[in-house]
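Read through the structure below, which is laid out as C-alpha cells, and then see the notes.
The values are calculated or read from the model by the stated rules, or taken from the named source; none is laboratory data. Computed from a predicted structure; not experimentally measured. All Cβ positions, glycine included, derive from the backbone under ideal geometry; neighbour counts span all protein chains shown. Please note that ligands, DNA and RNA were not included when accessible areas were found on the heavy atoms of the full protein model with its side chains. Shrake-Rupley method; radii C 1.70, N 1.55, O 1.52, S 1.80 Å.
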Amino acid sequence: MKALLSRDSLLKWAPVLVLLVLMLTFPIFEMLNDLARGKEHLYLLDSRFLSVRNFARIAIAAAPALMVALGVTFIIIMGSIDLSMEGTVSVSAVSFAYAFIALGGTLASWAWLAMPLALVVGAAIGMLNGLVHVKLKIPSFMASLAMGFVGTGFALLLTGGERVRVDDPIFRSLLTVRWFNFPIMIYVAGAFLLLMWFVQTRTTLGRNFYAVGGGEELAAASGLNVSRVRILGFTLAGVCYAMGGLLAVGKIGIAETVTGANFMFVSITAVVVGGTALWGGIGGVFNTLIGVLIVFVINNGMVVIGLPSYIQSAVLGALVILAVVLSTDRKAISFVK
Amino acid sequence: MNFERLNAHFPWITLVVLFLLVGLANPAFFNPVGLLALAGDVVPLFIMALGMTFAIYIGGIDLSVQQVANLVTVVATVFLVKLGIGVALVCILAGALVGALSGLVTTKFYVPSFVSTLAMGFVVLSGAKWLSNQRALHMNAEAREASFGWMFDTTLGLPNELIIAVLLLALCWFLQTRTTFGRALKAVGAGELAAVASGINVDRIKIMAFALCGALAAISGLMFSVKLSGGDANLANGFLLLAIVAVLVGGTPLTGGVGGVLNTAVGTLIVMVIRAAMVFLEVDATHQQMIFGIVLIVAIALTIDRSKLKIVK
C-alpha cells in the first residue's frame, strides 16, 4: 500500500487519475441538470455521457488524433519535437485518395494498394524530415516547422484546393460497420496502438529512443548510432501520421489540403497531458492514449452537459498546466526553459 | 576571414542576395512604391515577431501570441466605440497580462514555456470566442477613422504604420542593448544557472520578457484589426508559425542568448522578400507554400549558427 501511494507512482498514474476524475465529474453535472429540471436521475446509471454510444462517439473523434499523437510521442521521447504532422497527414490522405480512385475506387479491387502506398508516402516524408534535421544539422523544431510548410504546400499542389471524395462503401465500412457497438476503425486504431507499444517495448529501436532522450552524449559514447535512430524515429512518426490521415479520410470520406489542420496542437497537447515530458526520456504510447482520451473526453463531456463550446479550450488549457505540474518532479529539475 | 565570425552576418547577406536576385529577375520589384506597400503589409507580423524575439532570446518560446492577437482584434472591435483610442491601452495591458501569466506559470510551477504558453493560448482563445459570440465582428467605420485613421496617413512620404514599426524596433533595440534588463535577458538566455549564480532575479526577468512579448503581440493584433476593420477569434491564425520563422531565419536560435531584435527585422524582411518573390516571379498560387517551405529549409540550413550547438535536438 505504501508503495502504491509513493510520490513516484502518484506521478506515474496522475494522467489516469485526471481521466477518471473527468469521467466521474461529467455525470455529476448531468445529474444536477436533470434534477434541476425535475427529472429522475441515478448517478452514473442514467448517464448519457457514460454510455456505450457516447464512448463510441469519443473513440471515433479521437482515433485519427491518436495515430498522429503516437508518432510524435516517439519524437518527444527522443527529446526532439515534430511540427510537420499537419502537412504529412494531408499529403498521405490526398495521395491515398487519388491512388484509390485511380486504381479502381473500391477496396474489392487493386485499389487496396492505395493504403500501403499512403503509409509509404508518410514514411518517405518522415524520413525526409529526419534527413533534413540530422544531415543538415538543423534543430528538429526548425526543420519540421519548414517541412510542415512543404507538406501542406505539396498537398495543395496535388489537389489544387479541390476536395477528393472517397465514397466506396467497403472503405467507408471503417466507420459504418460496427462490431460490439464500435466501428471497425476503432479496432484498427487499437491494433496500431498495440503495434506501436510493441515497437516501444520489444524492439531495439524502441529502447534506443529512450537512450537518446535520456542522455544523447552517453548514448553516442556507448556506441549507439544516434543519427540513424533519429532518422528512423522520424520515419516511424511519418507512418503514424499517414495512419492518422487514412483514419481521418475513413471518418469523413473526404481528403483535402486541410485534412491535417489542427492535428499539431491537439497531438502535442495530448502527448504532454499524458505525461510524456518535452525534455525526453520518459513517457510512452499508453501515456499518449490517456492524453488523447483526456482531450477528447473534455470536448465531448462539455457538449453532453450543455456547457457553451467556447469554454472548452480554456478548460483544456487549465488541465494541460495541471497535468504537467502534477507529473513534474520539482526536486529533480533546476530550471525550465 | 574566420568562418565563425562570418556566421553572424549570414542573415543580412541572405536578405541582400535574395533581394537582388528577385529584382534582377523582375526589375518591377525595385519600384519604391511597391516596396513600401509590401513593407506596410508585413508590419503586424513584424511586431509579433519582435515580441517573440524576447521569448526566444531567453531560451523559451511563446505559442500564445497568435491567440493574444486574436483576442485583441475582438477586444478592439467591441470596445472601440466606447473607449476610442484608449482601447489601445486596454489591448496592450491585456496582452502584457497574458504574457506575465505565462511567465508566472513557467517560473513558479516549472512548466516549460512551450507548454505553458500553449495552454495559455487555449485559455485566451476561450476569452476571444466568448467576447465575440463566435462571430466575425465589424468595426464601426466612423470610430475607426477617428481613432486610428492616422495609421494610414503618411509622414514625409513614409506610411505611418511603417514608422510605428521602426519606433517599436528602436525601443526594443534600446531595451535589449542599452538597459540592465537587456543585459539580464542575454544572461538568462546564454546560461540560466550562471545568471542565477550571479544574483539576477531570473524569474522576474523571464516574466517581464513574456509580458513584453504579450504586449507586442497585442499591438500586432490591434494593427491587424484596424487594417482589416474587424475582429474574430480566428482572424490572426497563421501568424504564429510565420512569426517564429521570422525570428529563427533572422538568426536568433531557439537556444537563446544570441541574435536579437535587429535580427528579427532582417528575418521578417527575408520572409517578406520570399513571399513577394513568388508574386513577382509569377509562381502558381498552388505551388507557393511548398516553395516557401523549401526556400525556408535552404535559408535556415545556410544561415544558422551551429558553433554553439553541441547536440542538435
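Quick one: A:I138 ticks every box in (1) assigned to a helix (DSSP H, G or I); (2) open to solvent by less than 10 Å² (accessible area, probe 1.4 Å) bar one, so which box is it?
So A:I138 meets the others, but not (1).
Among the residues of segment A:1-37, what is the count of those that are over 17 Å from A:I294 (Cα atoms), open to solvent by 30 Å² or more (accessible area, probe 1.4 Å) and at pLDDT 85 or above?
First, pick out the residues of segment A:1-37 that are over 17 Å from A:I294 (Cα atoms): A:1-10, A:28-37.
Okay, now just the ones that are also open to solvent by 30 Å² or more (accessible area, probe 1.4 Å), so A:1-8, A:10, A:28-29, A:31-33, A:35-37.
Now narrow it down to the ones that are at pLDDT 85 or above: A:28-29, A:31-33, A:35-37.
Looking only at that region, the number is 8.
Among (1) closer than 26 Å to B:G230 by Cα; (2) more than 8 Å from chain A (Cβ to nearest Cβ); (3) in contact with a helix residue (DSSP H, G or I) (Cβ under 6 Å, 6 or more places away or on another chain); (4) among the polar types (S, T, N, Q), there is one condition B:S126 misses while meeting the rest; what is its number?
Status for B:S126: all satisfied but (2).
Do we find a residue being within 11 Å of chain B (Cβ to nearest Cβ), open to solvent by less than 50 Å² (accessible area, probe 1.4 Å) and part of a helix (DSSP H, G or I) anywhere in segment A:158-173?
Within segment A:158-173 (the criterion being within 11 Å of chain B (Cβ to nearest Cβ), open to solvent by less than 50 Å² (accessible area, probe 1.4 Å) and part of a helix (DSSP H, G or I)), the answer is yes, since at least one residue qualifies.
Name, by its number, the condition in (1) open to solvent by 80 Å² or more (accessible area, probe 1.4 Å); (2) over 27 Å from B:C91 (Cβ atoms); (3) not polar (S, T, N, Q) that does not hold for B:W173.
B:W173 satisfies every listed condition except (2).
Based on this model, can you work out whether B:G257 counts as open to solvent by 10 Å² or more (accessible area, probe 1.4 Å), within 25 Å of B:G59 (Cα to Cα) and within 13 Å of another protein chain (Cβ to nearest Cβ)?
Against the criterion (open to solvent by 10 Å² or more (accessible area, probe 1.4 Å), within 25 Å of B:G59 (Cα to Cα) and within 13 Å of another protein chain (Cβ to nearest Cβ)), B:G257 does not qualify.
Filter segment B:157-197 for residues that are β-branched (V, I, T) and part of a helix (DSSP H, G or I); which is modelled with the lowest pLDDT? Break it down into steps so the answer makes sense when it comes.
The initial filter retains those residues of segment B:157-197 that are β-branched (V, I, T), namely B:163-164, B:166, B:177, B:179-180, B:188, B:196.
From what's left, part of a helix (DSSP H, G or I): B:163-164, B:166, B:177, B:180, B:188, B:196.
On the way: B:I163: 89, B:I164: 91, B:V166: 93, B:T177: 91, B:T180: 90, B:V188: 88, B:V196: 84.
Here the residue is B:V196.
For A:G105, work out the one condition from (1) open to solvent by less than 50 Å² (accessible area, probe 1.4 Å); (2) within 25 Å of B:A246 (Cβ to Cβ); (3) modelled with pLDDT under 95 it doesn't fulfil.
(2)
Any residue in segment B:117-139 that is more than 12 Å from B:Q66 (Cβ to Cβ) sitting within a Cβ distance under 8 Å of a residue that is of a type in the set (D, E)? List the pairs, counting only those 6 or more apart or interchain.
B:S132/B:D232; B:R135/B:D232; B:A136/B:D232; B:L137/B:D232
Check segment A:315-337 and report whether any residue there is among the β-branched types (V, I, T), modelled with pLDDT under 80 and surrounded by fewer than 22 Cβ atoms within 10 Å (Cβ to Cβ).
The answer is yes; a qualifying residue exists.
When you scan segment A:1-117 for helices (runs of 4 or more DSSP H) that lie fully inside it, which ones turn up with 3 or more residues that are within 28 Å of A:G153 (Cα to Cα)?
On the way: elements: A:7-36, A:52-77, A:85-102.
Per the criteria, A:52-77, A:85-102.
Residue-wise test of (1) more than 14 Å from every other protein chain (Cβ to nearest Cβ); (2) surrounded by 24 or more Cβ atoms within 10 Å (Cβ to Cβ).
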residue	(1), (2)
B:I164	yes, no
B:I207	no, no
B:G214	yes, yes
B:G221	yes, yes
B:G231	yes, yes
B:L240	no, no
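Determine whether A:T204 is open to solvent by 40 Å² or more (accessible area, probe 1.4 Å) and within 18 Å of A:I77 (Cβ to Cβ).
Values: open to solvent by 40 Å² or more (accessible area, probe 1.4 Å): yes; within 18 Å of A:I77 (Cβ to Cβ): yes.
So A:T204 fits the description; yes.
Quick test of your reading of the structure: A:M302 fulfils all but one of (1) within 12 Å of chain B (Cβ to nearest Cβ); (2) touching a Lys or Arg at 6+ places or on another chain (Cβ under 8 Å); (3) open to solvent by less than 10 Å² (accessible area, probe 1.4 Å). Name the failing condition by number.
(2)
Exactly one of these conditions fails for A:R178: (1) within 28 Å of A:L293 (Cα to Cα); (2) charged (D, E, K, R); (3) within 14 Å of chain B (Cβ to nearest Cβ). Give me its number.
(3)
Hey, can you tell me all the residues within segment B:274-294 that are open to solvent by less than 60 Å² (accessible area, probe 1.4 Å) and either more than 8 Å from every other protein chain (Cβ to nearest Cβ) or not in a helix (DSSP H, G or I) (or both)?
Matches in segment B:274-294: B:I274, B:A276, B:A277, B:M278, B:F280, B:V283.
Hey, B:N70 hits all of (1) modelled with pLDDT of 90 or more; (2) closer than 18 Å to B:A209 by Cβ but one; which does it fall short on?
Going through (1) modelled with pLDDT of 90 or more; (2) closer than 18 Å to B:A209 by Cβ one by one, B:N70 breaks only (2).
Can you find, within segment A:38-56, the residue that is modelled with the highest pLDDT among those that are open to solvent by less than 70 Å² (accessible area, probe 1.4 Å) and among the hydrophobic types (A, V, I, L, M, F, W, C)?
A:A56
Conditions: (1) open to solvent by 70 Å² or more (accessible area, probe 1.4 Å); (2) among the hydrophobic types (A, V, I, L, M, F, W, C); (3) closer than 16 Å to A:L66 by Cα. A:W179 meets all but one. Number of the miss?
With respect to (1) open to solvent by 70 Å² or more (accessible area, probe 1.4 Å); (2) among the hydrophobic types (A, V, I, L, M, F, W, C); (3) closer than 16 Å to A:L66 by Cα, A:W179 is out only on (3).
Only residues that are open to solvent by 10 Å² or more (accessible area, probe 1.4 Å), out of contact with any Gly (no Cβ under 6 Å at 6 or more places or on another chain) and more than 7 Å from chain A (Cβ to nearest Cβ): list them for segment B:92-123, please.
B:I92, B:L93, B:A94, B:L97, B:A100, B:L101, B:L104, B:T107, B:K108, listed by residue number.
Just to check your reading of the model, which residue among A:A146, A:A221, A:A191 is more than 25 Å from A:T88 (Cβ to Cβ) and either buried (at least 16 other Cβ atoms within 10 Å of the Cβ) or of a type in the set (A, V, I, L, M, F, W, C) (or both)? Steps first, please.
On the way: A:A146 fails: more than 25 Å from A:T88 (Cβ to Cβ); A:A191 fails: more than 25 Å from A:T88 (Cβ to Cβ).
None of the other options fit; the residue is A:A221.
Could you pull out the residue among A:Y98, A:Y43 that is among the hydroxyl-bearing types (S, T, Y) and free of Cβ contacts under 8 Å to residues at least 60 places away in the same chain? Before you say what the answer is, go through the steps one by one.
On the way: A:Y98 fails: free of Cβ contacts under 8 Å to residues at least 60 places away in the same chain.
Every option except A:Y43 fails the conditions.
Condition check ((1) closer than 17 Å to A:G244 by Cα; (2) touching a residue at least 12 places away in the same chain (Cβ under 8 Å); (3) away from every other protein chain (no Cβ under 14 Å)) across all residues:
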residue	(1), (2), (3)
A:V94	yes, yes, no
A:A114	yes, yes, yes
A:A118	yes, yes, yes
A:V134	no, yes, no
A:S144	no, yes, no
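Among the residues of segment A:275-293, which ones are more than 13 Å from chain B (Cβ to nearest Cβ) and β-branched (V, I, T)? Outline the logic, then answer.
Of segment A:275-293, the ones more than 13 Å from chain B (Cβ to nearest Cβ) are A:282-290, A:292-293.
Result: A:I282, A:V285, A:T288, A:I290, A:V292.
Tell me, which residue of segment A:259-274 that is within 10 Å of the chain's Cα centre (by Cα) and of a type in the set (S, T, N, Q) is nearest to the other protein chains (Cβ to nearest Cβ)?
A:T269
With the structure loaded, tell me whether A:T152 is within 14 Å of chain B (Cβ to nearest Cβ) and within 19 Å of A:V68 (Cα to Cα) or whether it fails that test. Step through it out loud before you land on a result.
Numbers: within 14 Å of chain B (Cβ to nearest Cβ): yes; within 19 Å of A:V68 (Cα to Cα): yes.
Yes.
Need the failing condition index for A:F296 against (1) within 12 Å of another protein chain (Cβ to nearest Cβ); (2) part of a helix (DSSP H, G or I); (3) surrounded by fewer than 22 Cβ atoms within 10 Å (Cβ to Cβ), just the number.
Unmet condition: (1).
Limited to segment B:40-77, what total is found for residues that are in contact with a strand residue (DSSP E or B) (Cβ under 8 Å, 6 or more places away or on another chain) and open to solvent by 10 Å² or more (accessible area, probe 1.4 Å)?
Qualifying residue count for the region: 2.
Could you check segment B:110-123 and list, in sequence order, the residues that are more than 19 Å from B:G189 (Cα to Cα) and more than 18 Å from the chain's Cα centre (by Cα)? So that I can check it myself, show each step before the final result.
Taking segment B:110-123 as the starting set, the residues that turn out to be more than 19 Å from B:G189 (Cα to Cα) are B:118-123.
Passing the criteria: B:A119, B:F122, B:V123.
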